[in-house]
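Working notes, structure below.
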Amino acid sequence: MKKLLMILLLGGTFCTGAYSQKITTDKVPALVYRSFKSRFPASNQESWAKESAAIYEVVFFNERKRQSASFDTSGAWKETETDINFNQLPRVVSAAFNKQFGGFTIQETTEVETADRGTLYEMIINKGKEGYEVQFSAKGELLKKEEAKPED
């Protein structure tokens, strides 16, 4: 199980690196930076990346929580991800998870606030050789279940 987790973490790191380009704050468009600072005025220790031609992502700490946020080139906020503990999930989400994935080990839990779909909850889970990334709505509906395949 530890080997699978390590493969998933490394694979995710390499995949993210393949699609994003780390940049310095001075390379972030002024509209994007102002929008970020307006939305998260208490943030610190920011690290920026250009995720695509139209999306900038920043990883930062905000009130002792590790978060990331995405903005488009016009400065419009797209989403914020916050690392949380499983016990911080809404009761309806944790109940739906337990019903559908009882016996799975949770490796990571994230609250995702989006501009267009509201609040979502994502988890990376495994059980033996099975590994998935799952996503639930705030109402406990399973929205996504993708198999996490180890990289060779």
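The values are calculated or read from the model by the stated rules, or taken from the named source; none is laboratory data. From a predicted model like this one, the values you see are computed outputs, not experimental measurements. Glycine also receives a Cβ, built like all others from the backbone with ideal geometry; neighbour counts cover every protein chain displayed.
Return a yes/no flag: does the range 67-84 have any residue that is more than 20 Å from Arg117 (Cβ to Cβ) and loosely packed, with under 13 Cβ neighbours inside 10 Å. Looking through the range 67-84, none of the residues is more than 20 Å from Arg117 (Cβ to Cβ) and loosely packed, with under 13 Cβ neighbours inside 10 Å.
When residues in the range 41-55 are screened for being part of a strand (DSSP E or B), among the small types (Gly, Ala, Ser) and either in contact (Cβ under 8 Å) with a residue 40 or more places away in the chain or under 20 Å from Glu111 (Cα atoms) (or both), 1 of them pass. Scanning the range 100-152 for residues that are surrounded by 14 or more Cβ atoms within 10 Å (Cβ to Cβ), closer than 20 Å to Val59 by Cα and not polar (S, T, N, Q) returns Glu108, Glu111, Val112, Glu113, Leu120, Tyr121, Glu122, Met123, Ile124. Per this entry, Lys2 is not counted among residues that are among the basic types (Lys, Arg), loosely packed, with under 14 Cβ neighbours inside 10 Å and at pLDDT 95 or above. In summary, Asn62 fulfils each of the numbered conditions (1) modelled with pLDDT of 95 or more; (2) over 25 Å from Gly131 (Cα atoms) with the single exception of condition (1).
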